[in-house]
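Computed from the coordinates by the stated procedures, all read-outs in this text should not be read as laboratory data. Note that this is a predicted model, so its numbers are computed, not measured. All Cβ positions, glycine included, derive from the backbone under ideal geometry; neighbour counts span all protein chains shown.
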Amino acid sequence: MFKQTEKNIIVAGHMGYAYLYPANTMLSFQKAIELGVDMLELDLNLSLDKELIVMHDNTIDRTTNGTGEIRNMTLKELKAYDAGIKKGEEFRNERIPTFTELLDMVTKENNIYLNVEIKEKTFETADLAIKALEKYNMLDKCVIACFDAKIVKYVNQKYGIKTQGFPDWYMSNFEEDTNSYLYSVGIEMKDLNKEFCGKFKSMGIDPWGYCPDTDEKVYQAIESGVKLITCNNPEPALRILREKGLHR
C-alpha cells in the first residue's frame, strides 16, 4: 500500500529516467529503478490490435524514427521503429514497450509502485490497463491518472481504484463532483505552493508535484507540502530527501 507522507515523500520517475534515457523505454524504467525511485510514471496508448503501448504521445513522431498515430498501427508495426535514436546514437535499437513487458519487469523488483496515465482517453484503454494490473497483482500498488475527468471518475466508480487527477483548469470534462473521485492531484511546478497544496489536503486529496528536476525545485516542492514528487531527473530529489530524512 502507499505510505507517502510529508515525512516520507515518494519519488516517481517520470517516464522512467527520462532526463538521461529515452522516455518510456525499458532502459529508462530500469535505470530509474536502479537509481532508487519508489514509483514509475508511464503513459498508455492503445494500438490498432488492442495492445497497450507505453508512449507519452498519441503519435510516435516525436520520440521515434517513424510517424503515425498509435491507434492506427499494429504492435508489429510499432515494434519496427526505433524509440531510442532521437535521444542519442548510444540508444539506437531501443523499442517501444508494451505494458505487459513493463509489468513483467516490475513484478520482479521489490516494492515498485506505478502511476499509469491513460493517454488514449477511452474507457476501453482504462479497462484493459486495469485487467493487466489485476493479472499481475498490482492493483494495490498503482494509481490511474488522466487529464480527462470522465476517465478518472469511471475508474474510481467502477473499480474503486486510486485515481490521480489535476487542478480543474488542467482537465477536460471537469465537473463539480470530480474532486470527490480523486486520491491525489498532480500539480505542475509553476502552480506549486503551500497554499494550493493545503487546499487539496483540506479535501482529503494528496498533493503531488511535477517535475522538480533541480535542487531549487526540489526544495520548493518540499516546502509546499507535497507527499510525492515526479521527476524527469530523480537524482536531486532522492539525494535531498535522504539528506533531510524525508525518504524512507
Practice task
Among 65, 112, 189, pick out the residue whose Cα is farthest towards the positive end of the charge dipole of the chain, where Lys and Arg carry +1 and Asp and Glu carry -1 on C-beta, about the Cα centre.
Solution key: 112
Problem - Rounded Å value of the spacing that divides the Cα centres of the range 56-103 and the range 134-195 - result: 26
Problem - Charge dipole (debye, nearest 20) of the chain; +1 at Cβ of Lys and Arg, -1 at Cβ of Asp and Glu - result: 500
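So how do 147-159, 9-21 stack up, highest first, on mean other-Cβ count within 10 Å?
9-21, 147-159
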Practice task
Quickly estimate the mean residue ellipticity at 222 nm for the chain, helices only: each DSSP H run with n ≥ 4 gives -39500 (n - 2.57), and the total goes over all residues, rounded to 500.
Solution key: -8500 deg cm²/dmol
Problem - Of the GluC sites (Glu not before Pro) in the range 71-112, those whose Cβ has at most 13 other Cβ within 10 Å and which sit in DSSP loop - result: 109
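Could you work out the local net charge near residue 206, counting Lys and Arg as +1, Asp and Glu as -1, over the other residues with Cβ closer than 12 Å to its Cβ? It would help to have the intermediate numbers written out before the result.
Numbers: positive: 3, 162, 201, 227; negative: 6.
That works out to +3.
Quick one: net charge of residue 169's neighbours, Cβ under 13 Å, K/R +1, D/E -1?
On the way: positive: 190; negative: 168, 188, 191.
Surrounding charge for residue 169 is -2.
With Rg and the Kirkwood Rh both taken from Cα atoms, where does Rg over Rh land for the chain?
Working: Rg = 17.2 Å, Rh = 18.1 Å.
When Rh is taken as the Kirkwood radius, the ratio is 0.95.
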Practice task
Determine which aspartates and glutamates satisfy two conditions relative to residue 190: a Cα distance under 16 Å, and not lying fewer than 8 residues away in the same chain.
Solution key: 168, 213, 215, 216, 223
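On a 21 Å Cα-Cα criterion, which of the cross-link pairs 76/108; 3/150; 50/87; 141/162; 31/131 come out too long?
On the way: 76/108 26 Å; 3/150 27 Å; 50/87 27 Å; 141/162 9 Å; 31/131 27 Å.
Checking Cα-Cα distances, 76/108; 3/150; 50/87; 31/131 exceed 21 Å.
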Completion exercise
Relative contact order as a percentage, the chain, C-alpha pairs under 8 Å and 6+ apart, gives 21
Handout entry: Whether the range 1-127 is rounded, prolate or oblate, judged on the alpha carbon gyration tensor where a/c under 1.5 counts as rounded
Key = oblate
Handout entry: Summed side-chain charge close to residue 32 - residues other than residue 32 whose Cβ falls under 12 Å, Lys, Arg +1, Asp, Glu -1
Key = -4
